[in-house]
1. Over 22 Å between Cα atoms, which of A:LYS143/A:LYS163; A:LYS96/A:LYS163; B:LYS132/B:LYS231; A:LYS234/B:LYS132; A:LYS47/A:LYS163 qualify?
2. What 222 nm value per residue comes from the helices of chain A, counting each DSSP H run with n ≥ 4 as -39,500 (n - 2.57) and dividing by all residues, nearest 500 deg cm²/dmol?
3. What share of the DSSP beta bridges in the protein assembly as shown is antiparallel, in percent to the nearest 5?
4. If I take every Cα pair under 8 Å that is 6 or more residues apart in chain B, average their sequence separation and divide by the length, what percent do I get for the relative contact order?
5. Sort B:SER156, B:SER330 by Cβ crowding within 10 Å, fewest neighbours at the top.
6. Which whole number in µm²/s is D for the range A:43-139 by Stokes-Einstein, with the Kirkwood Rh taken over Cα pairs at 25 °C and 0.890 mPa s?
7. Sorted from largest to smallest, which semi-axis lengths in Å does the alpha carbon gyration tensor of the protein assembly as shown give for its equivalent ellipsoid, taking the root of 5 times each eigenvalue?
8. Please compute the volume of the convex hull spanned by the alpha-carbon atoms of the range A:86-205 and report it per residue in Å³.
Amino acid sequence: MSERAATLLDVRGLACRFGGLQAIADLDFAVRQGEIKAIIGPNGAGKTTLFNMISGVIAPSAGQIVLSGEAIDRLPSFRRARRGLSRTFQNLQIFKDMTVLENVMVGCHTRSQCGTVQAILRTPHSLSEERAIRDRSLELLAKLGLSERADEPAASLSFGESKLLEIARALAAAPSLLLLDEPAAGVSHNAALRVGELIRELNRDGLTVLLVEHNMGLVMDISHSILVLDHGRKIAEGSPGAVRNDPAVLAAYLGEDDDA
Amino acid sequence: MAKPSDAVDPIAGPINTAARDERGRALMGGRSLLFIFWLALLAIPLVGLNDYLVSLGTSFLINLILIAGLNVLIGYCGQISLGHAGFYGLGAYAAGILSAKLGLNPWLGLPVACLVSAIAALVIGIPALRLKGHYLAMATLGFNAILAVLFDQLVSWTGGPNGLLGVKPLAFGSFALSSQARIFPIVWLCAGLVMFALLNLIQSRVGRAIRAIATSQIAADSLGIDAFRYKLIVFVLTAGMAGLAGSLYVESNLYASPESFGFSSSILLVAMVALGGWGRYGGAILGALIYTGAPELLRTFQDAQLLIFGAGMIAVLLFFPGGLAGAGDSIACLWQRYRP
């Protein structure tokens, strides 16, 4: 990743207010094409709120979100997904009554076109597209090590496996920017290492990743740049080395000082 | 951002073709099973000893269209319609009035009934489905109530409480399909087309999107699925099917009266979806069997009919939450637990 890579996601003056609570205040940051960027901060810093605003789950009170040069902050969630934004969820949102494979097949939605009429008539095009979706989904499951579970109900997966399934499903849309909401939370140490390796591998293949994560070892290990939030404000941004030694960050995490 | 044509791009690793073929066969299995079942149904008018038994077969198929459509809407898409009997009635009166009052060719009634019910669903669905929550249930509830009044009060068109008389039978030239045995093949064909259409739909990209919306709309949104659009498509499609069922009803009975299309019928249809097993394809068949057969079997009990029917329904849903179609799973589960 070069320092001069193009900006993929640009967030300007973003704010979110829930009644009297300022969840995010006047936030500016950018994600460059091809980088792994992490957002960290103490609990309640506004990380998941920020993710929800970028993906369109909640509307910002002010500010702009630009993806590949196009303002997306007014678009509904599904249109942002069609413009190349994929995400996973901190509190899993697996389609539990489908098989593991079907979950990933749903992820291929934006990469396929057959509509209701073609589905009902089972046109040759719809059948060949269905095969392509199936093959692509099986390949993704193989990549994430879930091949064996393909035909099992998604509800039967462990927590860690469900997290991987969400990543597979998000990848099925072939996103330009992948948002990962705590991909290593609640999984074993080894599983967290595997997730880190996976993210790095995806990034090597050209995927830009923005992640929220509490596992500092993982964040410091894989991120090219880190954004630190506290009480909805940016308190630091930069390389892992710079952020680690930033006095404001240490204060926020150790609670030595009040930043308000 | 890559183009949609990238959908077929390989990502990594070899594909397990054996597993894929096996899955393909499993899907085909469902389709051929349905085909055999459907051919077998054609025997009803041949072995039916009298018009009464054949008319039960016709009612079963008409009810199946209604319940199977409603099952896709409720069980797969997660949207509740409490006005399905209204769409059914709208189709019946549209087709009936067309031939009885306007003197048009009765065959026109079938597509017109579909269209009228589908358009009504479109008008209700566009505002109601934009909102999150159970607004569709409320809107359809109101719609059914309004229709019930109209069927009853527009006497010059619908015949009011006395019912719509003078409906002309479907005919091939001078060969009128005026008996139950003659109309049966038409109903059989229409119901078959509906059942295959629904099976194809739920086993497709659209079907997965629909199920995804019902399970987690937030996740479906994040994957680029336009929830409003798919909910509307399913609602309009299944309302159109209910309209078709209505036109078949009026053409097989040559009569329609308001009490068949009231709010209580809508509730009963939803109950049949639950009883058969929602979100299970075979559930609709069981639901339609009960909906058609139970009133006939319980006829000897007279006033206790509803009581027995209601108690039976509670018992089934208590012991088999997945409905009768899920009973196999429930029993297998119990067997696993208490196996000696």
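What follows draws every value from the coordinates through simple rules; no lab data is involved. These numbers were taken from a predicted model, which means no experiment stands behind them. All Cβ positions, glycine included, derive from the backbone under ideal geometry; neighbour counts span all protein chains shown.
1. On the way: A:LYS143/A:LYS163 14 Å; A:LYS96/A:LYS163 13 Å; B:LYS132/B:LYS231 11 Å; A:LYS234/B:LYS132 34 Å; A:LYS47/A:LYS163 18 Å.
With Cα atoms farther than 22 Å apart: A:LYS234/B:LYS132.
2. When only DSSP H runs of four or more count, the value is -11000 deg cm²/dmol.
3. Beta bridges within the protein assembly as shown, antiparallel portion: roughly 60 percent.
4. 29
5. By the 10 Å Cβ count, ascending, the order reads B:SER156, B:SER330.
6. On the way: Rh = 15.8 Å.
My calculation gives 155 µm²/s for D.
7. Value: 54, 26, 22 Å, ordered largest first.
8. Value for the range A:86-205: 105 Å³ per residue.
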